[in-house]
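Just below is one structure, and these are the notes that go with it.
The values are calculated or read from the model by the stated rules, or taken from the named source; none is laboratory data. What you are looking at is a predicted structure, and each value in this text was computed from that prediction instead of being measured. Note that we place each Cβ from the backbone using ideal geometry, even for glycine, and neighbour counts take in every protein chain shown.
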Amino acid sequence: MKKRVLYCAIVLFMSCIISGSVFGSETELDTIRDAIAEKGAGWTASDNWIMQMDPSDRKTVLGAPEDSFHVAPGDTILWNNIPEDSFAPPSEFDWRNYNGYNWITPIKNQGNCGSCVAFATVGGMESAIRIHQGNPNQNIDLSEQHLFSCGGGSCVLGWNLGDALNFARDYGVPDESCLPYSGVDNNCTSTCSDYTSRAIHINSWSWITTYTADINAVKNALTQKPIPTRMVVYSDFYSYSGGVYQHVSGYMEGGHLVLIVGWNDAQNCWIVKNSWGLGWGESGYFRIRYNDSEIGTWAALIQLGSAPPSTTVSISMPYTHYYPGYQCYCDVSVNTQTSLNGYPLFVVLDIYGNYFFAPSFVSSRYGYDYYSGVFNPPSSIVEVLPTFYWPYGSGSANNIHFYAAMTNPSQTSLISNLAQFTFGWTSSDPPTGAAVPIHMFLEENK
């Protein structure tokens with residue numbers, strides 16, 4: 001008899017697991033759905049990977065405890081400088097569809113580690129770089145793992161936004177391949193050896209709000225770039241699958257950091273990027289009523305430098321003066337910390353005020369030309385002049401210049417330095433004592 005009871009209990013337990021009714025049970029979801037209906041809330045609750053967890057383990061997907069957030073000495077509070085009376089926000093705004101482009105980088109999943117601060121910080125940085133560079137298609141993917149592990153985050157205790165932004169300012173964040181995400185907090189020693197040269201820095205950051213949310217202040221800042229912010233998560237939020245969320249049932253689970261990307265006044269809500277994967281919410285995003293769940297508290301505005309990410313160009317030629325038979329070539333090196341796609345590289349030959357644009361060397365009197373394509377980190381080499389030997393009968397010239405620079409996609413401003421190389425040539429044989437190319441030496445002495 002005891003064996004039969006045990007067998008029935010095992011079968012019942014297994015059937016519950018298969019039907020998803022142990023954790024994320026229909027009873028739990030029905031309770032939430034009843035509360036939604038009772039309060040007339042406009043959102044839906046469904047089963048998902050978090051709801052399938054033991055309820056005691058669900059807090060591991062958070063990571064922004066209230067007691068870790070504070071205004072530190074030296075922090076800038078921006079709201080004192082925002083002229084809110086003169087700011088008239090539009091009724092809706094969304095960085096996923098701004099001027100017809102999506103400026104937000106893809107949804108990621110922090111997994112069972114309280115690393116939400118790193119994900120919201122990196123998401124804000126990545127979008128800020130796209131916006132600053134004027135290129136919504138820029139391929140940028142920074143390492144949340146490096147920021148979290150090297151910056152002092154804890155999977156169990158979480159982190160705070162101020163410390164994360166200070167680390168991004170002082171030490172920078174390298175690309176994802178430098179230290180891929182693994183959901184731990186103790187592997188900083190495994191980061192790439194050249195992370196300092198690959199790290200992208202923010203220039204500064206400021207608090208928009210602290211303990212109290214301010215809708216207009218956040219909207220004002222949000223028109224510049226997406227805003228990382230803290231919210232409180234209640235147990236019903238885990239089941240969110242669509243609509244405009246508002247807390248209807250359950251207890252407070254803890255603090256969570258997310259990225260606000262837009263708003264909709266008709267729906268009375270923020271539009272927010274989460275870090276729980278594409279299978280949660282509205283393909284990784286959620287909408288939430290203004291002032292619900294403390295959304296909009298501890299919101300920060302990220303500022304970049306004059307030309308992030310750092311991009312430099314340099315021009316390489318073997319000599320500064322050429323005689324017949326000297327080997328000649330011209331290469332331009334593009335050194336960047338992230339892939340640049342759609343950024344024009346201009347290389348100009350200046351012969352006494354007459355400008356010729358590579359690669360076609362069209363005269364500026366008839367138009368201009370430039371190099372396009374993808375420039376990958378850490379360095380891309382562009383061949384401007386293939387190798388050749390300086391010919392006889394080319395006359396003589398001095399103070400001839402090559403210039404090179406990279407601009408933003410709209411060609412309205414430089415994103416790199418302006419490189420210059422000055423050279424000249426003489427049609428006669430080189431003077432006695434001058435350096436002779438090795439191939440000429442070998443020819444003359446064979």
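Scanning segment 232-274 for residues that are of a type in the set (D, E, K, R), touching a Phe, Trp or Tyr at 6+ places or on another chain (Cβ under 8 Å) and either on the phi > 0 side of the Ramachandran plot or surrounded by fewer than 24 Cβ atoms within 10 Å (Cβ to Cβ) (or both) yields one hit, E253. Of the candidates C116, C150, the single residue that is under 18 Å from W276 (Cα atoms) and either among the hydroxyl-bearing types (S, T, Y) or at pLDDT 95 or above (or both) is C116. Restricting attention to segment 165-183, which residues are surrounded by 15 or more Cβ atoms within 10 Å (Cβ to Cβ) and either within 24 Å of F69 (Cα to Cα) or among the hydroxyl-bearing types (S, T, Y) (or both)? The answer is L165, N166, F167, A168, R169, Y171, G172, V173, Y181, G183.
Every residue in segment 363-412 that is hydrophobic (A, V, I, L, M, F, W, C) and within 29 Å of L340 (Cα to Cα), please. Working first, answer last.
The initial filter retains those residues of segment 363-412 that are hydrophobic (A, V, I, L, M, F, W, C), namely 374-375, 381-382, 384-385, 388, 390, 397, 400, 402, 404-406.
Within segment 363-412, V374, F375, I381, V382, V384, L385, F402, A404, A405, M406 qualify.
When the criteria are applied in full, T229 fails the requirement of being within 18 Å of V117 (Cβ to Cβ), among the hydroxyl-bearing types (S, T, Y) and surrounded by fewer than 24 Cβ atoms within 10 Å (Cβ to Cβ). When each of S143, S149, S127 is tested for being touching a Pro at 6+ places or on another chain (Cβ under 7 Å), in contact (Cβ under 8 Å) with a residue 24 or more places away in the chain and over 16 Å from L259 (Cβ atoms), the lone residue that passes is S143.
Of the strands (runs of 3 or more DSSP E) contained entirely in segment 281-391, those carrying at least 2 residues that are touching a Cys at 6+ places or on another chain (Cβ under 6 Å) and among the basic types (K, R) fall at 285-289.
Say whether the condition of being assigned to a loop (DSSP other than H, G, I, E, B) and within 25 Å of D75 (Cα to Cα) is met by at least one residue in segment 258-279. The answer is no; no qualifying residue exists. Filtering segment 351-367 to residues that are loosely packed, with under 12 Cβ neighbours inside 10 Å, among the aromatic types (F, W, Y) and at positive phi leaves only Y352. Restricting to segment 104-113, give me the number of residues that are under 16 Å from N135 (Cβ atoms) and touching a residue at least 60 places away in the same chain (Cβ under 8 Å). The total comes to 1. For E294, the conditions (1) on the phi > 0 side of the Ramachandran plot; (2) assigned by TED's automatic domain parsing to the domain that holds V382; (3) modelled with pLDDT of 95 or more are fulfilled apart from (2). Counting only residues that are on the phi > 0 side of the Ramachandran plot and free of Cβ contacts under 8 Å to residues at least 40 places away in the same chain, segment 40-66 holds 1 of them. Could you check, for segment 94-110, whether at least one of its residues is closer than 22 Å to W205 by Cβ, at pLDDT 95 or above and assigned to a helix (DSSP H, G or I)? Yes; the residues of segment 94-110 include at least one that is closer than 22 Å to W205 by Cβ, at pLDDT 95 or above and assigned to a helix (DSSP H, G or I).
Scan segment 184-215 for residues that are surrounded by fewer than 22 Cβ atoms within 10 Å (Cβ to Cβ), among the hydroxyl-bearing types (S, T, Y) and outside any helix (DSSP H, G or I) and the total you get is 7. Within segment 141-164, being part of a loop (DSSP other than H, G, I, E, B) and over 18 Å from the mean Cα position of the chain (by Cα) holds for G152, G153, C155, V156, L157, W159, N160. Looking only at residues that are at negative phi and in contact with a helix residue (DSSP H, G or I) (Cβ under 8 Å, 6 or more places away or on another chain) in segment 304-325, which one is modelled with the highest pLDDT? Selected residue: L304. From the list V218, V244, V248, the lone residue that is part of a helix (DSSP H, G or I) and of a type outside the set (S, T, N, Q) is V218. Does T338 satisfy the criteria of being at pLDDT below 95 and not charged (D, E, K, R)? The answer is yes for T338.
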